[in-house]
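I have placed the structure first, in the form of structure tokens, so that the comments after it can refer back to it.
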Amino acid sequence: MEVIIVDTPQEGASLVTDAVAAILARPNPVLGLATGSSPLPVYDEWQRRYDLGEISFANARAFALDEYVGLPPDHPESYRAVLQREVADRVDFAPGAIQTPDGWSDDIPAACAAYDRAIRDAGGIDLQLLGVGSDGHIGFNEPTSSLESPTRIKSLTVQTREDNARFFDDDISQVPKHVVTQGIGTIRRARHLVMLVWGESKAEAVAATVEGPVTSMYPSTALQLHPKATVIVDHPAASRLEHAAYYQEVFDNKPEWQGIS
Ligand code: F6R
């Protein structure tokens with residue numbers, strides 16, 4: 001695992017976008033998108049470089065990590081709507097090129113299996129963006145999720161619903177109890193995992209993810225099992241890392257050409 005400590009989220013977003021640009025230059029690029037606050041600086045950077053004519057998503061496909069179950073189809077906080085707003089409306093993905101799990105299906109298990117199949121049929125995900133929940137979830141794989149899980153329906157913890165109430169008028173009763181999420185097994189099949197974490201409130205989650213024991217009680221620790229995982233954090237989020245100085249030294253002495261890919 002590579003841990004990169006940056007001065008600002010914008011600096012992290014720029015590093016990620018360098019890696020994404022290299023993928024976009026190859027045939028059949030497939031990206032994994034996250035929602036929530038953490039990836040927003042990355043989507044800003046995508047738009048900036050797209051507006052400058054430096055990158056194009058016209059040939060790319062993308063798969064979201066997760067979707068709520070039980071929201072009205074036109075709800076502005078459905079992840080389909082969020083990704084339309086934050087990504088599709090700002091760069092040049094082809095219509096329909098961004099897929100989200102189907103939280104509205106009459107047959108959720110079949111829709112979940114179809115989603116994993118669609119990812120496989122697309123050739124797998126080249127780079128998957130991730131945030132981390134304050135309880136260690138990735139996607140919406142809450143504690144005790146199997147580290148080999150496929151895409152499936154999950155129940156959110158009260159903690160996660162409280163954390164996400166900020167997107168629902170600060171009213172937890174509006175936050176759905178169920179979600180469909182890429183499983184940890186699905187996420188682990190992506191060729192490169194890039195986790196973004198900003199702010200001191202996530203410092204404990206970062207320390208557990210990077211330096212804690214691998215356990216389904218803390219799903220983000222599954223990153224330690226991945227051959228190519230990058231965790232990009234700002235200084236407040238890195239504040240509880242025991243080996244922060246080492247990670248910094250490794251990155252400072254990395255060959256210029258290597259990037260994060
Ligand atoms: C979102 C997702 C979640 C978030 C996590 C952190 O698609 O899968 O795992 O990444 O809840 O959320 P933020 O970034 O809002 O702190």
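The values are calculated or read from the model by the stated rules, or taken from the named source; none is laboratory data. This structure is a prediction, so every number in the text was calculated from the model and none was measured. Every residue, glycine as well, gets a Cβ built from its backbone with ideal geometry; the counts of neighbours run over all protein chains shown. What goes into the accessible areas is simple: the full protein's heavy atoms, side chains included, and nothing from ligands, DNA or RNA. Shrake-Rupley method; radii C 1.70, N 1.55, O 1.52, S 1.80 Å.
Residue-wise test of (1) hydroxyl-bearing (S, T, Y); (2) at pLDDT 95 or above; (3) crowded, with 16+ Cβ neighbours inside 10 Å.
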{"position": "I4", "(1), (2), (3)": "no, yes, yes"}
{"position": "P9", "(1), (2), (3)": "no, yes, yes"}
{"position": "L15", "(1), (2), (3)": "no, yes, yes"}
{"position": "A60", "(1), (2), (3)": "no, yes, yes"}
{"position": "D66", "(1), (2), (3)": "no, yes, yes"}
{"position": "P76", "(1), (2), (3)": "no, yes, no"}
{"position": "R85", "(1), (2), (3)": "no, yes, no"}
{"position": "T100", "(1), (2), (3)": "yes, yes, yes"}
{"position": "I119", "(1), (2), (3)": "no, yes, yes"}
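Out of the residues in the range 42-70 that are hydrophobic (A, V, I, L, M, F, W, C) and in contact with a strand residue (DSSP E or B) (Cβ under 7 Å, 6 or more places away or on another chain), which is nearest to the ligand (Cβ to nearest atom)?
Residues of the range 42-70 hydrophobic (A, V, I, L, M, F, W, C): 42, 46, 52, 55, 57-58, 60, 62-65, 69.
Still in the list and also in contact with a strand residue (DSSP E or B) (Cβ under 7 Å, 6 or more places away or on another chain): 42, 60, 62-65, 69.
On the way: V42: 11, A60: 18, A62: 12, F63: 11, A64: 7, L65: 4, V69: 14 Å.
Taking the candidates together, the pick is L65.
Have a look at S134, S155, S146 and point out the one that is surrounded by fewer than 16 Cβ atoms within 10 Å (Cβ to Cβ), in contact (Cβ under 8 Å) with a residue 40 or more places away in the chain and farther than 27 Å from I260 by Cα.
S146
What are the residues in the range 159-177 that are within 14 Å of the ligand (Cβ to nearest atom) and not in a loop (DSSP other than H, G, I, E, B), if any?
Q159, T160, R161, E162, D163, N164, A165, R166, F167
Filter the range 237-261 for residues that are open to solvent by 20 Å² or more (accessible area, probe 1.4 Å) and under 20 Å from the mean Cα position of the chain (by Cα) and give the result. Give the steps one after another, and end with the answer.
Filtering the range 237-261 down to residues open to solvent by 20 Å² or more (accessible area, probe 1.4 Å) leaves 239-240, 242-259, 261.
Of everything in the range 237-261, those that are open to solvent by 20 Å² or more (accessible area, probe 1.4 Å) and under 20 Å from the mean Cα position of the chain (by Cα) turn out to be G259, S261.
So which of V210, V194, V206 is open to solvent by less than 60 Å² (accessible area, probe 1.4 Å) and assigned to a strand (DSSP E or B)?
V194
Quick check on my filter: what residues within the range 102-113 are of a type in the set (A, V, I, L, M) and either open to solvent by 40 Å² or more (accessible area, probe 1.4 Å) or in contact with a Leu (Cβ under 9 Å, 6 or more places away or on another chain) (or both)?
Within the range 102-113, A110, A113 meet the criteria.
Out of P27, P73, P39, which single residue is away from the ligand (no atom under 12 Å from the Cβ) and closer than 18 Å to I125 by Cα?
Going through P27, P73, P39 in turn, just one is away from the ligand (no atom under 12 Å from the Cβ) and closer than 18 Å to I125 by Cα: P27.
The conditions are (1) farther than 13 Å from L31 by Cα; (2) in contact with a Ser or Thr (Cβ under 6 Å, 6 or more places away or on another chain); (3) open to solvent by less than 40 Å² (accessible area, probe 1.4 Å), and R80 fails exactly one of them. Which is it?
Condition not satisfied by R80: (3).
Which residues, taken from the range 215-260, are of a type in the set (A, V, I, L, M), farther than 21 Å from P41 by Cα and part of a loop (DSSP other than H, G, I, E, B)?
Result: M217, L241.
Would you call T181 within 13 Å of the ligand (Cβ to nearest atom), among the hydroxyl-bearing types (S, T, Y) and in contact with a Lys or Arg (Cβ under 9 Å, 6 or more places away or on another chain)?
yes
Determine which member of the set S105, S149, S134 is within 15 Å of the ligand (Cβ to nearest atom) and under 24 Å from Q174 (Cβ atoms).
S134
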